[in-house]
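S.K.: Got a structure here, written out as structure tokens. Questions coming.
Laboratory data are not the source of any read-out in this text; all were calculated from the coordinates shown. None of the values given here were measured: they were computed from a predicted structure. Here the Cβ positions follow ideal geometry from the backbone for every residue, glycine too, while neighbour counts run over all protein chains shown.
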Amino acid sequence: MKAIVLAAGYATRLYPLTESRAKPLLPVGGRPMLDYIIDALDEVPEIDAVHVATNHKFADSFAQWAAERVHGRVRPVIHDDLTMSEDDRLGAIGAVRFVLDEAGLEGDDLLVVAGDNLFDFSLDEYVRWWREKGEASAVALYDVGDLALARKYGIVAVAADERIESFEEKPERPRSTLAATAAYLYHRAHVPFVHRYLAEGNSPDQPGRFIAWLHTRAPVFGHRVEGEWRDIGDVDQLLEADSRLRERAGLPARDSYTPE
């Protein structure tokens, strides 16, 4: 199994913080955000390679981060997609295709994780659950517990056997409160569908859109996870995550976020 970490966005909603630093490399709890994700991937014994998709603007920063990461089981491989701005970015699904082609991963099972999602659920447990589903793909689901809040996320409804019945981005009338986290498992038999999805002219952005499309063509299951999950999209969410992780690390609290 190979892992792909999506870190090629430009995070303009976090400007000026992300004008000169990639969002996944911003520190939370005293460590780069990306460290926590790689640590979680390291706990999955099946993963023998981790590929990080980034853009040309921040490629050197990611390469330096990877070179300085002395701990961990698998050293990340950095892939520069050669884009420089929001205007020419590939989008999340486009970035998956880019890494598939550049690293030759089409024959592998894939675990795809967004580089700005922080969570404490076990990816190893997720993978072991998924293996029992046979030839199927999957998405990790987090219960936000409120229908009004559910309107802000990609919302999934599942059948009794955990197979996905519907997947809607930011629905007006959510069928459930199960939000799709950006942690996806693609069975090797389904990986070629990434090229088909894009060839049909579908949106290359928002990785959940691929799962929304795939579940009508192949078995896709939803795995409910517990614990904490944060999709870091704005400064308030960044400060909340930083505060929580600083507390865990025994660091002093801060009233506002600073990358220093």
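S.K.: Among K23/K170; K23/K152; K2/K23, which pairs are too far apart, with a Cα-Cα distance over 27 Å? If you can, show how the numbers build up before the last one.
M.R.: Working: K23/K170 23 Å; K23/K152 21 Å; K2/K23 23 Å.
Violating the 27 Å limit, Cα to Cα: no pairs.
S.K.: At most 16 other C-beta atoms within 10 Å and a DSSP loop state: those are the exposed trypsin sites (Lys or Arg not before Pro) I care about. Give me the longest piece of the chain that has none.
M.R.: Working: sites that count: R69, R73, R151, K152, R175, R188, R217, R254.
Result, exposed sites excluded: 74-150.
S.K.: What residues have an amide H closer than 5 Å to that of I4, excluding those fewer than 5 places away on the same chain, when H is modeled at 1.01 Å from N in the peptide plane?
M.R.: For I4, the qualifying residues are H51, L111, V112, V113.
S.K.: Diagonalise the Cα gyration tensor of the range 1-127 and give the resulting equivalent ellipsoid semi-axes, square root of 5 times each eigenvalue, largest first, whole Å. Kindly include the intermediate steps, with their values, before the conclusion.
M.R.: On the way: eigenvalues 94, 64, 32 Å².
Listed largest to smallest, the semi-axes of the range 1-127 are 22, 18, 13 Å.
S.K.: On to the next question. How big is the antiparallel share of DSSP beta bridges in the chain, given as a percent to the nearest 5?
M.R.: On the way: 22 of 42 bridges.
Taking every DSSP beta bridge within the chain, about 50 percent pair in antiparallel fashion.
S.K.: If you don't mind, another one. Please work out, to two decimal places, the log10 of the ratio I(q)/I(0) at q = 0.17, 0.18, 0.19, 0.24 Å⁻¹ from a Debye calculation in which every Cα of the range 190-260 carries one identical scatterer.
M.R.: -0.77, -0.79, -0.82, -1.04
S.K.: Limiting things to C-alpha atoms, what are the Rg and the maximum Cα-Cα separation (Dmax) for the range 45-189, in angstroms?
M.R.: Calculated on Cα positions, Rg and Dmax stand at 16.9, 47 Å.
S.K.: Short version: ³J(HN,Hα) in whole Hz for each residue of the range 65-82, in order, from phi by Karplus 6.51 cos²θ - 1.76 cosθ + 1.60 (θ = phi - 60°), x for Gly and Pro, what are they?
M.R.: Karplus-based 3J(HN,Hα) across the range 65-82 equals 4, 5, 5, 8, 7, 7, 9, x, 7, 10, 7, x, 9, 9, 10, 8, 7, 6 Hz.
S.K.: Consider just the alpha-carbon atoms of the chain and return their Rg together with their Dmax, both in angstrom.
M.R.: 17.5, 51
S.K.: Determine the sum of side-chain charges near G208: Lys and Arg each +1, Asp and Glu each -1, restricted to other residues whose C-beta is under 12 angstrom from that of G208. If you can, show how the numbers build up before the last one.
M.R.: On the way: positive: K170, R209; negative: E168, E169, D205, D231.
Here the count lands on -2.
S.K.: Which net charge results when you count Lys and Arg as +1 and Asp and Glu as -1 among the other residues whose beta-carbon is under 13 Å from that of E68? Spell out each step's value before the answer.
M.R.: Working: positive: R31, R69, R75; negative: D35, D60.
Taking every other residue near E68 into account, the sum is +1.
S.K.: Please list, ordered by chain and number, the residues whose modelled amide H lies under 5 Å from the amide H of R151; skip anything fewer than 5 residues away on the same chain.
M.R.: The answer is none.
S.K.: Also, I was wondering about something else. Which whole number of Å³ per residue matches the convex hull of the alpha-carbon atoms in the range 1-60? Provide the component values of the computation, followed by the final result.
M.R.: On the way: hull volume 5.2 nm³, N = 60.
Once divided by residue count, the hull of the range 1-60 is 87 Å³.
S.K.: With θ set to phi - 60° and the Karplus curve 6.51 cos²θ - 1.76 cosθ + 1.60, what are the ³J(HN,Hα) couplings of the range 84-98 in order, to the nearest whole Hz, using x for Gly and Pro?
M.R.: Values per residue, Gly and Pro as x: 10, 7, 4, 5, 10, 5, 7, x, 4, 6, x, 5, 4, 4, 4 Hz.
S.K.: Compute the signed sum of charges (Lys and Arg +1, Asp and Glu -1) over the other residues within less than 14 Å, Cβ to Cβ, of E19.
M.R.: Details: positive: R13, R21, K23, K57; negative: E86.
Once all neighbours under 14 Å are counted, the net charge is +3.
S.K.: For D143 and R217, what is the calculated FRET efficiency with R₀ set at 22 Å and r taken between the beta-carbons, to the nearest 0.05? Walk me through the intermediate numbers first.
M.R.: Details: r = 26 Å, r/R0 = 1.19.
Step by step, r from the Cβ atoms, then E = 0.25.
S.K.: Can you work out the Karplus-derived ³J(HN,Hα) for every residue in the range 174-187? Use 6.51 cos²θ - 1.76 cosθ + 1.60 with θ = phi - 60°, whole Hz, and x for glycine or proline.
M.R.: Taking θ as phi minus 60°, the curve returns x, 7, 7, 10, 8, 8, 6, 7, 8, 9, 10, 10, 9, 5 Hz for the range 174-187.
S.K.: Is it possible to state the helix-based mean residue ellipticity at 222 nm for the chain, with each DSSP H run of 4+ residues giving -39500 (n - 2.57), the sum divided by total residues, to the nearest 500 deg cm²/dmol? What is it? It would help to have the intermediate numbers written out before the result.
M.R.: Numbers: 8 runs with 74 residues, N = 260.
After summing the helix terms and dividing by residue count, I get -8000 deg cm²/dmol.
S.K.: For the pair A63 and K170, how long in nm is the line joining their label points, each one 7 Å along Cα→Cβ?
M.R.: 3.6 nm
S.K.: Continuing with this model, one more query. If you build a Gaussian network model of the chain, linking Cα atoms that sit under 10 Å apart, which residue out of H195, H187, H51 swings the most?
M.R.: Top of the fluctuation ranking is H195.
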